[in-house]
Amino acid sequence: MDQHLLDDDFDRPREACGVFGIYAPGSDVARLAFFALYALQHRGQESAGIATCDGHMAYIHKGMGLVHQVFNEEKLGPLQGHLAIGQNRYSTTGGSHLRNAQPYLIETMHGPLGVGHNGNLTNALHLRQKLLERGVGLSSSSDSEVITQMLAAPLPDAPLGQPDWEGRLASFMAEAEGAYSLVILTRDAVYGVRDPLGLRPLCIGRLPENGHQAGYVLASESCALGTIGAQFVREVQPGEIVRLDVAGLHSRQAIDPAAEPAFCIFEYVYFARPDSVIESQTVHRVRQRLGEALAREAPAEADIVVGVPDSATPAAIGYAIASGLPYTEGLTKNRYIGRTFIQPDDRLRKSGVHLKYNPLRANLEGQRVVLVDDSIVRGNTAGPLVKLLREGGAAEVHVRVSSPPVRHPCFMGIDMARGEDLIGYAKSVEEIRQHIGADSLAYLSHQGMLAAVEAGLHGSRGHCSACFTGSYPIRLEAYWTSKEKLAFEGIWG
């Protein structure tokens, strides 16, 4: 049931994971990886792991739960070395089990190989079958293990005794379809890889010198860089391989970037932390522009603007600025109730969102409220929140959403429910309004969303918005048989 109601993010799509990589001689790389993963916790809450290497041996620890639940001083101590990768995971392909936790770490004839993956391979079943036919055993249902085993295989024409990791990565990229931002650990280097569509984010940072040469890091978001004292350098480009090692930072464009890039627009709408910089613009400012556009498109006769904390706060501020209505807090969030393994009893379970939010009656009493949210996916939380505001004294509740209706599933690494589970799939806006009990409901238009995102960009960029439009950047049917597609959707379901 309703354990999901303890998590206010359940009514939103959830990201696959956050990844991190580091080369930093003379530094406690495991500790730096821990704090970087802590900063990326919003991208995955099911498992966490760190793998390190000292140039000879590799060490790993991973487990189920949040970063601070998986790691402590005792667990970090054995993770020696000057190279490390780490990952926070939320499962998409592959269930929520320890065997699917990352990073994956295996031993090859050229030393350790570790892989952390953010995204989803849409042709994973095909690649998995090729490995099985080759006699490779697989122990999990994750496409990330498929990637690991593909990289472990030597290239047919590789010189004897030479691993040629960049060549293996390029060979993998030529076969892989879908979304992937990877961090790769070897005996001598850490690699970063991004798919040619640029669906998932990955950036580069530089650590200051500490008596040794300067170190470099890779992270899903720039917010992790500031946490560990690294300076933002740039984003990894679509189709690029980046190597961090004793020679510093080295780049190779392994595969041409797609003619039309398809960076996931939901990073701006919800996933990314507001202080992160993506495509040279701050996520908070983009979300504020989304709210401003929403106010222009869907004004409301109201007295105050309230945001659903915390992800919708910037959009609510933007809505207030553009509408001239005062912004205020209307909901107080208990940020820790969803972090317990103690199950609520029946009475508390029926309380639903009361466990997560309390209304601020002093701000709501007798007010006509505009409630701004960033998205409505399944429709399980919006209704209880509207009811909660009314219980707090709101005279009217007008819901405004700073993105279009979510009507289509995602196959590129986002845990978006199957079509029939999405409230926007079968219901009209008016039917959704009735379902959630709002006095009015309006969404930002697709064009309004694109314009708000692109207003801060320099030059032409491309974005994937398939969950809104059903227009996917990858033609899934091009390589899926009906049986494979059904099997894949079964995994997702």
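Could you list C53, C223, C464 in order of exposure, starting from the residue whose Cβ has the fewest other Cβ atoms within 10 Å? Could the numbers behind the result be given before it?
Numbers: C53 29, C223 21, C464 26.
Arranged by neighbour count, lowest to highest, C53, C223, C464 become C223, C464, C53.
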- Only Cα pairs under 8 Å and at least 6 apart count here; give the relative contact order of the chain as a rounded whole percent. 15
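Filter the GluC sites (Glu not before Pro) in the range 271-323 down to the DSSP loop ones having no more than 13 other Cβ atoms within 10 Å, then list what survives. Please list the in-between numbers first.
On the way: sites: E279, E292, E297, E301; in loops: E279, E301.
When the GluC sites (Glu not before Pro) of the range 271-323 are filtered for loop state and at most 13 Cβ neighbours within 10 Å, E301 remain.
Calculated from DSSP H runs of 4 or more alone, at -39500 (n - 2.57) each and per residue, what is the 222 nm mean residue ellipticity of the chain, nearest 500? Walk me through the numbers on the way to the answer.
On the way: 17 runs with 137 residues, N = 493.
That comes out to -7500 deg cm²/dmol.
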- Item | Separation of alpha-carbon centers, the range 242-280 and the range 389-436, rounded to whole Å | 30
- Task: Taking each pair of different alpha-carbon atoms in the range 7-262 once, compute 1/r for the pair, average those values, and report the inverse of that mean as the Kirkwood hydrodynamic radius in Å to one decimal.
- Result: 17.9
- Message: Quick check for me: using +1 on Lys/Arg Cβ and -1 on Asp/Glu Cβ, what's the dipole size of the range 7-262 about its Cα centre, in debye to the nearest 20?
- Response: 200
- Cut-off under 5 Å, modelled amide H: who pairs with T122 long-range: E177, G178, A179
- Item | Built amide H within the under 5 Å cut-off of G215, gap 5+ | L207
- Here the range 230-246 yields Karplus 3J(HN,Hα) values (6.51, -1.76, 1.60; θ = phi - 60°; whole Hz; Gly and Pro given as x) of 8, 9, 5, 9, 5, 8, 5, 7, x, x, 9, 10, 10, 10, 10, 7, 4
- Query: For the Cα atoms of the chain, what angle does the longest principal axis make with the long axis of helix 313-323, in degrees from 0 to 90, nearest 10?
  - Reply: 40
- Note on the structure: Farthest towards the positive end of the dipole of the chain, among G198, G307, T148 and with Cβ unit charges of +1 on Lys and Arg and -1 on Asp and Glu, lies the Cα of G307
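Hey, what's the per residue convex hull volume over the C-alpha atoms of the range 282-468, in cubic angstrom? Kindly include the intermediate steps, with their values, before the conclusion.
Working: hull volume 24.7 nm³, N = 187.
Expressed per residue, the convex hull around the Cα atoms of the range 282-468 is 132 Å³.
In the chain, what is the volume of the convex hull around the alpha carbon atoms, normalised per residue and reported in Å³?
Values: hull volume 73.1 nm³, N = 493.
Measuring per residue, one finds 148 Å³ for the Cα hull of the chain.
Restrict the search to the range 150-220; then list the chymotrypsin sites (Phe, Trp or Tyr not before Pro) that DSSP places in a loop and that have at most 12 other Cβ atoms within 10 Å of their Cβ. Let's see the in-between values first.
Numbers: sites: W165, F172, Y180, Y191, Y216; in loops: none.
Counting only loop positions with at most 12 other Cβ atoms within 10 Å, none of the chymotrypsin sites (Phe, Trp or Tyr not before Pro) in the range 150-220 qualifies.
Note the count of lysine pairs whose C-alpha atoms are less than 15 angstrom apart in the chain, limited to pairs 8 or more residues apart or on different chains. Intermediate values should be presented prior to the final figure.
On the way: K62/K75; K333/K356; K350/K387; K356/K387.
So the count of such lysine pairs works out to 4.
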- Residue by residue through the range 189-196, which ³J(HN,Hα) values in whole Hz follow from phi under the Karplus form 6.51 cos²θ - 1.76 cosθ + 1.60 (θ = phi - 60°), with glycine and proline marked x? 7, 10, 10, x, 9, 10, 5, x
- Given charges of +1 on the Cβ of Lys and Arg and -1 on the Cβ of Asp and Glu, with all other atoms neutral, how large is the dipole of the chain about its Cα centre, in debye to the nearest 20? 400
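Given 0.36 nm per residue, what is the gain on full extension from D245 to M57 after removing their alpha carbon distance, in nm? Each step should come with its number before you reach the end.
Values: separation 188, 0.36 × 188 = 67.68 nm, distance 1.62 nm.
Residue separation times 0.36 nm, minus the Cα-Cα distance, leaves 66.1 nm.
Each reported figure results from applying straightforward, stated rules to the coordinates on display, with no laboratory input. All figures in this text were calculated on a predicted structure; none of them were measured in a lab. Every residue, glycine among them, receives a Cβ derived from its backbone with ideal geometry; neighbour counts consider all protein chains shown.
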